[in-house]
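Inspection log for the structure reproduced underneath, given as structure tokens.
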Amino acid sequence: MRARHHALRLVLPALALLLVSGCDAGAPDPAGSPATPQAGPPTGPENRSLWTLIGDDGKSLETLADDDPDVTAIRRTVVLHSGAVDDRSSTSVAGSVKSEFAFYGAAFRKSLEAQDYGAKVTALFRDNKLATRQEKVAWYRSTVYRDRRTAKAEMDSVFEFTAGDPGYLKKGGLAVGTPYTEHRTMSLAKQGGTWVITGIRRTPLERPAPAGQTMR
């Protein structure tokens, strides 16, 4: 056996993942969105920007500065959305779901409404007395399409449960006070001059491994 990243990958019930992450697990990428770039961890200071303008073939055209107007707007959408999704409780969930929906494009929003997403999230948090709190986010390499109408943003969101029914948490393999990391790839489009989220892909939740933990 050899040491790996100090994380344990969690295979949680699909409903739990859906309601924690706040997205449609099977939402397709919108037609015309750029292909997802090769994912990689945040780079060091020698690679100051993680944002790239890409062409029709997915190849890099130029690096975009962090203060590029579209990069700034996209980051703002993603950060505010993550805050709405990852900071919620049994008492605030209805309001946070309403805030969450404000960041979605019309088609994605209708897809979630067709699944009765808002009611399911609200019931889950209220019935199981859940509360979550975001700890931090980390950015990965992200791309803006050459026409500056579509983009893909990759990031990690780290959050923890601060409250919850013990039986529910145990059933899902969850624990209060433990940081969980979810990697998200978010498709975005500029609609009416505003960047909105049109789809979300995510990996299973990960949590830190106990001290000395090794994995194959």
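Computed with a 1.4 Å probe on the full set of protein chains, the accessible area for residue 140 sits at about 40 Å².
If R0 is 41 Å, the Cβ-Cβ spacing of residue 149 and residue 129 corresponds to a FRET efficiency of close to 0.45.
Distance between the C-alpha centres of the range 102-174 and the range 47-67: 26 Å, rounded to the whole angstrom. Each principal axis of the Cα cloud of the range 95-181 was evaluated for its coordinate range; sorted largest first, these ranges are 50, 30, 20 Å.
Just tell me which lysines come within less than 20 Å, Cα to Cα, of residue 171; anything on the same chain fewer than 8 places away is out. Hits, sequence-local ones excluded: 120, 129.
The values are calculated or read from the model by the stated rules, or taken from the named source; none is laboratory data. Bear in mind the structure is a predicted one, so any value in this text is a computation, not a measurement. Note that we place each Cβ from the backbone using ideal geometry, even for glycine, and neighbour counts take in every protein chain shown. Remember, those area values only see protein heavy atoms, side chains included, never the ligands or the DNA or RNA. Shrake-Rupley method; radii C 1.70, N 1.55, O 1.52, S 1.80 Å.
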